Amino acid sequence: MRISEVKIRKVEGKEKFKAWATVTFDDSFRIHGLKVIEGKNGPFVAMPSRKLPNGEYIDTAYPLNEELRETIQKEIIEEYTREE
């Protein structure tokens with residue numbers, strides 16, 4: 001599976017939340033709602049999530065292995081920093 005497109009929409013006025021990201025895989029499957037967050041060690045990517053009635057958040061889409069997670073994060077952060 002390869003990432004065929006990454007779109008970044010920057011967010012103004014938020015302290016740590018920096019951008020929304022959309023990732024397309026193999027020109028066939030798209031995931032909206034990934035977030036670029038500024039952490040202690042630089043930006044990182046948070047998966048799309050929703051808030052449960054008990055106040056907890058649960059990811060609604062996420063990679064099943066570390067290799068894909070790292071690939072997604074690398075591609076999104078590269079696109080985010082390219083647009084700065």
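The values are calculated or read from the model by the stated rules, or taken from the named source; none is laboratory data. Note that the structure is a prediction, hence the values are computed from the model and not measured. Neighbour counts are summed over all protein chains in view; Cβ atoms, including those assigned to glycine, are modelled from backbone coordinates with ideal geometry.
When the residues of segment 12-33 are filtered to those that are closer than 15 Å to Thr81 by Cβ and of a type in the set (A, V, I, L, M, F, W, C), the one that is nearest to the chain's Cα centre (by Cα) is Ala21. Figure legend. Inter-residue proximity from segment 7-23: first residues more than 11 Å from Leu34 (Cβ to Cβ), second residues of a type outside the set (Val, Ile, Thr) and surrounded by fewer than 16 Cβ atoms within 10 Å (Cβ to Cβ), beta-carbon distance below 6 Å, spacing 6+ or different chains. Indicated pairs: Val11/Phe17; Lys16/Glu38; Lys18/Glu38.
Look at (1) closer than 18 Å to Glu83 by Cβ; (2) touching a residue at least 24 places away in the same chain (Cβ under 8 Å) and you find that Arg2 fails only one, number (1). In segment 15-40, of all residues being surrounded by 12 or more Cβ atoms within 10 Å (Cβ to Cβ) and charged (D, E, K, R), the one that is nearest to Ile76 (Cα to Cα) corresponds to Lys35. Each residue in segment 41-59 was checked for being more than 12 Å from the chain's Cα centre (by Cα) and closer than 20 Å to Glu75 by Cα, and 2 pass. Pairs are defined by a Cβ separation below 8 Å, a sequence spacing of at least 6 or placement on different chains, a first member in segment 46-75 that is under 18 Å from Lys7 (Cβ atoms), and a second member that is of a type in the set (Gly, Ala, Ser) and surrounded by fewer than 10 Cβ atoms within 10 Å (Cβ to Cβ); no pair meets this definition.
For segment 61-84, residues that are of a type in the set (Val, Ile, Thr) and at pLDDT below 95 total 1.
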